[in-house]
1. Normalised by the number of residues in the chain, what is the relative contact order in percent for Cα pairs under 8 Å and 6+ residues apart?
2. Only helical DSSP H runs with n ≥ 4 go in: add -39500 (n - 2.57) per run for the chain, normalise by residue count and round the 222 nm mean residue ellipticity to 500 deg cm²/dmol.
3. Assigning unit charges at the beta carbon (Lys, Arg +1; Asp, Glu -1) and nothing else, what dipole magnitude in debye, to the nearest 20, does the chain show about its Cα centre?
4. Order these peptides, 129-136, 83-90, by their mean beta-carbon neighbour count within 10 angstrom, highest first.
5. My understanding is that a pair violates if its Cα-Cα distance is over 25 Å; which of Lys152/Lys348; Lys219/Lys343; Lys41/Lys320; Lys310/Lys348; Lys11/Lys343; Lys11/Lys272 do that in this structure?
6. Can you tell me what share of the DSSP beta bridges in the chain is antiparallel? A percent to the nearest 5 is fine.
7. Counting Lys and Arg as +1 and Asp and Glu as -1, each charge on the Cβ, what is the dipole of the stretch 23-158 about the Cα centre in debye, to the nearest 20?
8. Based on a Kirkwood Rh over C-alpha pairs, give the Stokes-Einstein translational diffusion coefficient of the stretch 281-331 at 25 °C and viscosity 0.890 mPa s in µm²/s.
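FYI, it's all coordinate maths here, none of it is from the lab. Predicted model only: the values in this text are computed from it and were never measured. Neighbour counts are summed over all protein chains in view; Cβ atoms, including those assigned to glycine, are modelled from backbone coordinates with ideal geometry.
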Amino acid sequence: MAKVETSYLDKFEFNSIYFELTSRCNARCSYCYNSSTSMGKDIPYDKIIDVMCQAYMINNKTDFVLSGGEPLLHSNIIDIIDFACSNNSDVTLISNAYLLKKMSIYEGLSKCNIQVTIDSLNRVQHDNVRGEGSFDNIVNMQNIVPNLYNKKRILRVNLTRNNTQYINDFCVFAVNNGYTILSFGFLVNQGRGQGNPLVIDYDIEADKKIWFEVIHTIKECSERYKNDIAIERKNCYPKTGCELVNRKKPSMALRIAANGNAFPCLYFNHEKHSLGNIFDNSLIEILKGQRFLDLINLLLYREDNIEGCKQCIWDKQCFKGCPALAFSKYNSFENEISCSFLKETFDKAIRAMRLEI
Ligand code: SF4
Ligand code: SF4
């Protein structure tokens, strides 16, 4: 099997870090992909600053997403935000909103994009997951952290089996409460999400219908509210292919987990796919190292090795679903994932072509 060389890694543009500053969290979301708990650990302040400085040496426009656990629990969060914002980086804080009011006296918060997640439009149901007061903080975000610097205010909705019928209501809520982006994402089968009945699983035939309906409704809402808010759908979409192995223009979003392991996107989390660890390796060693190259080579040739696809008419066209999620589910890359969704997508494309002809 021909393998790509180190030069493949030069094609990646490095411009952001998704930094999990701590694995501690004061909420206990039943579907947390990271399985965060109150017992986690912070990455020491000096190490975080050291990694940010290394990032600026590689690209002085590096942007940071500060996540966790709950990043506002990090003992040095104010200094970290101050440092990240001092270089004109675009800094996004992902918070469960529980501590926002308590922290609102700190004006550095206004310099960040802020992303919060809403679980339900019902206050009690939401607070049962995120902590009492979290819902009111989300409603009052624009008063608690005034948007003095024209930053993004992102409302995230994790779509579950319980809330897809409220997509339009979430849009109205986001518009009425001053959010600039509404970001829908699907729960994934990882961490506490693994085996969680709330996950809409596009591997299950019956769930495929929900997926297509959700995608259709989000499209409709994007059009309906286009003058009020930007609506986006996150998660690598099963039909577009893995961005890491787009041979012409691969892309990655470096994730640094709270134990220091670095991964090329959010959905890898097994130690053996770590590109290196910030406590042992420099950022350059992580971004240009053999571990990254070995992973890319595994992924590039994964599609040829899936026995279950060899008889399928779409074998040559299909990317066989997200490899990271396939690994989480089957402990191997050599399995397809989201097959029934992919087949339906191909069938729909063919039907649409026939109609055009
Ligand atoms: S591994 Fe999955 S989530 Fe990561 S870039 Fe590829 S398709 Fe996207
Ligand atoms: S549609 Fe399913 S069986 Fe066919 S190639 Fe894709 S993943 Fe494999």
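1. That works out to 17 percent.
2. Result for the chain: -10000 deg cm²/dmol, rounded to the nearest 500.
3. Here the size comes out at about 520 debye.
4. Averaged packing, sorted descending, gives the order 129-136, 83-90.
5. Lys152/Lys348; Lys41/Lys320; Lys11/Lys343
6. Bridges in the chain are about 15 percent antiparallel.
7. So the dipole magnitude of the stretch 23-158 works out to roughly 280 debye.
8. Answer from the Stokes-Einstein relation: 193 µm²/s.
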